[in-house]
Amino acid sequence: QVQLVESGGGLVQAGGSLRVSCAASGSIFSINAMYWYRQAPGKQRELVAAITSGGSTNYADSVKGRFTISRDDAENTVYLQMNSLKPEDTAVYYCNADARERGSLYYKNYWGQGTQVTVSS
C-alpha cells in the first residue's frame, strides 16, 4: 500500500504565504505524476497544480503566478508553495499521486487525507 500524508496547512492573512507538503510512504516502486487538489465548502474538488515525473508543471488559471508545485523524488514528497494568498484560496488541500507498488506492474491513484488552509481577509 501507498500512503500520502499532507502537512503544513494553517491560518494565514491575505497576501501571506504558506507551503504545504505531501509525503508518500509505503511499498513504493515509483511515482509518476503528483497533484494538488482543493475543495472549498459547498464546492466541487478542483485541480490546483500538477507535476509529472519529468518535472513538467501545470496550474489552474486561478493560481498561476502565485502557486508553485515542486517535488523531491528522493523523499517521495511533493510541495505546493502558495504566495499572495487570497480568501478565496481557503479550502482543504488534497495530495494525489499515481504510484506503483513494489511487485506490481500497474500504477494506481492515491489520495491523502487533506490539510486545511484558511486565508483571512
The chain, accessible area per residue, ligands and nucleic acids excluded (1.4 Å, Å²): 53 Å²
Need the list of aspartates and glutamates near LYS43 for cross-linking: C-alpha distance under 18 angstrom, and skip anything on the same chain fewer than eight residues off. ASP61, GLU88, ASP89
Would you please state the base-10 log of I(q)/I(0) at q = 0.09, 0.11, 0.14, 0.19 1/Å for the chain, with intensities from the Debye formula using one equal scatterer on every alpha carbon? -0.23, -0.34, -0.55, -0.96
In debye to the nearest 20, how big a dipole does the chain give about its Cα centre with +1 on each Lys and Arg Cβ and -1 on each Asp and Glu Cβ? 140 debye
Can you list the equivalent-ellipsoid semi-axes of segment 34-93, largest first and in whole Å, using the square root of 5 times each Cα gyration tensor eigenvalue? 21, 12, 10
Cβ under 11 Å from GLN116's Cβ, GLN116 left aside: what net charge do those residues give with Lys, Arg +1 and Asp, Glu -1? 0
Quick one: with all protein chains in place, what share of the accessible area of the chain is carbon or sulfur, to the nearest percent (1.4 Å probe)? 47 percent
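The values are calculated or read from the model by the stated rules, or taken from the named source; none is laboratory data. From a predicted model like this one, the values you see are computed outputs, not experimental measurements. A quick note on method: Cβ atoms are made from the backbone with ideal geometry, for glycine too, and the neighbour counts reach across all protein chains shown. All accessible areas refer to the heavy atoms of the entire protein, side chains included, with ligands and DNA or RNA removed. Shrake-Rupley method; radii C 1.70, N 1.55, O 1.52, S 1.80 Å.
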